[in-house]
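Computed from the coordinates by the stated procedures, all read-outs in this text should not be read as laboratory data. Every value quoted in this text rests on a predicted model; they were computed, and no experiment measured them. So basically every Cβ, Gly included, is an ideal-geometry build from the backbone, and we count neighbours across all protein chains shown.
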Amino acid sequence: MTADDGTNDHCVFCAIVDGDAEASVVHEDEQAVVFMDLNPVTPGHLLVVPRRHAAGLEDLDEETSTHVWRLAHRLARALRRSGLRCDGINVFMADGEVAFQEVFHFHLHVIARHAGDGFTINADWKERSRSLLDTDASAIRNALVNS
C-alpha cells in the first residue's frame, strides 16, 4: 500500500512534530500539528498532520482521523478569513504512492484556491453503467460490514 517501512526514523513530518525540523506552525494540539507546506500550490497551503505516525489512512485510528478532518474544516474557514487570496478551498489527501502520496505520514492538504492558480486535476472521466455501479456498491458494503 505505501512506501513506508514501518518506522518513522526518516519521516520529515515526525521530525516536524517532534520539533527537530523547521516548520511554520499555524496550530498544534495533543493530536495534530498544522503547518505551512514548504512547496505550496498557493500561498496559504496548509498541511494537517497527526502527531502519531501513521503511513496512510488505513493506519490511522478513527478518533485521530476525525480530529484531523475537523481541524481541516476549521482551517479552511480560517483561510477564507485570513486576508490571503482565497476564493475556494481544496482539501486533498493522497493515500498511497499511486495516489501521489510523497510523504508517507498521513496528512491532509488544505489549499487556498483562486482563478488561474495553476492547480488542476485531470482525469479521463467516464460514465459507468448502473449495473457496474451497483456491483461496486455491493462490494464496498460487504467490506464495510467486515471492517
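Assorted remarks:
- Which label in (1) -0.71, -0.98; (2) -0.47, -0.86; (3) -0.34, -0.97 gives the computed log10 I(q)/I(0) by the Debye sum over Cα atoms at q = 0.09, 0.16 Å⁻¹: (3)
- Among the cysteines of the chain, C86 have no other cysteine beta carbon within less than 4.7 Å of their own.
- Using the Cβ-Cβ distance between N39 and T135 with R0 set to 41 Å, the FRET efficiency works out to roughly 0.55.
- Per-residue ellipticity at 222 nm computed for the chain from its helices equals -9000 deg cm²/dmol, with DSSP H segments shorter than 4 residues left out and the rest contributing -39,500 (n - 2.57).
- Dipole size of the chain about its Cα centre, with +1 on Lys/Arg Cβ and -1 on Asp/Glu Cβ: approximately 960 debye, rounded to the nearest 20.
- Counted residue by residue at 0.36 nm each, then reduced by the alpha carbon distance between them, the extension gain from H10 to R74 reaches 20.1 nm.
- Amide hydrogen neighbours beyond the local backbone of G96, cut-off 5 Å, H modeled: Q101
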